[in-house]
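Student: To start, I am sharing the structure in question, which I have written as structure tokens.
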Amino acid sequence: MERQHVQQWFNEHPHLVHGDAHELIARCEPAVRRHAREDAWIAAKRYVAERELEWDGGIGAHASEAYVARDVCSQLAYELKHHEPSLHDGDEDHLAGGAIKAALEPAGWNFLVRWIMDVAREEEHATWLEIVRYTERRARTLIAEHHLSADNRFDHTKCYGEIAPQIMEMLTQDYSQHAFPR
């Protein structure tokens, strides 16, 4: 459903809105998009944190920190690509916020819910694709920012299972910053 259709419907049903329908929609759309983006980054963070727990204290061959960063980021990007979250009934309250719902009669809210969910699905999907691309590319910058060693001599490396959770922790911190930018 397009925004113009929503505005037209509220123009035809002004008794269902407490205030200006155009202003309400203008406030609603950015709120829904912001919350959908936040929710996507938080879902990615949650997924990576769960994977981190699986690796924590794990064993594996010795490897350079740079190698593990590239491998972990590539693997997580692949996994995230196949674990895109989906919206559920009831999410619209969180996505739009209570002030939007309070500004509408129940029939107006029920009409707006479909549009809210459409906007949120679109934004969340676009954000999820961004997260996958970000994760795939993040290894290069992690290596540089954290001065991860590329030395692969046995006496200069750690076990893969020791390094992987550290890389995942760095990613979860990144995801938090993306979810709630300052």
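We did not get these values from a lab; they are worked out from the coordinates using the rules stated. This structure is a prediction, so every number in the text was calculated from the model and none was measured. Don't worry about glycine lacking a Cβ; one is built from the backbone with ideal geometry, like all the others, and counts go over all protein chains shown.
Results for (1) in a helix (DSSP H, G or I); (2) free of Cβ contacts under 8 Å to residues at least 24 places away in the same chain; (3) under 26 Å from Asp151 (Cα atoms), shown as yes or no for each residue.
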| residue | (1), (2), (3) |
| --- | --- |
| Gln7 | yes, yes, no |
| Gly19 | no, no, no |
| Arg34 | yes, yes, no |
| Glu52 | yes, no, yes |
| Ala66 | yes, no, yes |
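Student: Turning to a different aspect of this structure: Among the candidates Arg46, Arg121, single out the residue that is touching a residue at least 24 places away in the same chain (Cβ under 8 Å), part of a helix (DSSP H, G or I) and of a type outside the set (Phe, Trp, Tyr).
Tutor: Arg121
Student: Then there's this: Within region 41-65, take every residue that is of a type in the set (A, V, I, L, M, F, W, C) and within 16 Å of the chain's Cα centre (by Cα) and give me the one that is surrounded by the most Cβ atoms within 10 Å (Cβ to Cβ).
Tutor: Ala44
Student: Which condition number in (1) over 13 Å from Asp39 (Cα atoms); (2) of a type outside the set (Asp, Glu); (3) touching a residue at least 12 places away in the same chain (Cβ under 8 Å); (4) part of a helix (DSSP H, G or I) is the one that Tyr78 fails?
Tutor: Of (1) over 13 Å from Asp39 (Cα atoms); (2) of a type outside the set (Asp, Glu); (3) touching a residue at least 12 places away in the same chain (Cβ under 8 Å); (4) part of a helix (DSSP H, G or I), only one is false for Tyr78: (3).
Student: Looking only at residues that are assigned to a helix (DSSP H, G or I) and free of Cβ contacts under 8 Å to residues at least 24 places away in the same chain in region 141-155, which one is surrounded by the most Cβ atoms within 10 Å (Cβ to Cβ)?
Tutor: Only one residue fits best here, namely Thr141.
Student: Do you know which of the residues in region 81-106 that are within 21 Å of the chain's Cα centre (by Cα) and in a helix (DSSP H, G or I) is surrounded by the most Cβ atoms within 10 Å (Cβ to Cβ)? Spell out the reasoning first.
Tutor: Taking region 81-106 first, the residues within 21 Å of the chain's Cα centre (by Cα) are 81-97.
Filter once more, so that each one left must be in a helix (DSSP H, G or I): 81, 91-96.
Working: Lys81: 15, Asp91: 20, Glu92: 22, Asp93: 13, His94: 15, Leu95: 25, Ala96: 27.
Ranking the candidates gives Ala96 first.
Student: Now for a different question. Got a sec? Which of Ala96, Ala126 is among the small types (Gly, Ala, Ser) and without any contact (Cβ under 8 Å) to a residue 12 or more places away in the chain?
Tutor: On inspection, the qualifying residue turns out to be Ala126.
Student: While we're looking at this one, here's another question. If I ask for residues that are in contact with a helix residue (DSSP H, G or I) (Cβ under 6 Å, 6 or more places away or on another chain) and within 19 Å of His82 (Cβ to Cβ), which ones from region 35-50 would you list? Before you say what the answer is, go through the steps one by one.
Tutor: Narrowing region 35-50 to residues in contact with a helix residue (DSSP H, G or I) (Cβ under 6 Å, 6 or more places away or on another chain): 35-38, 40-42, 44-45, 48-49.
Answer for region 35-50, where residues must be in contact with a helix residue (DSSP H, G or I) (Cβ under 6 Å, 6 or more places away or on another chain) and within 19 Å of His82 (Cβ to Cβ): Ala40, Trp41, Ile42, Ala44, Lys45, Val48, Ala49.
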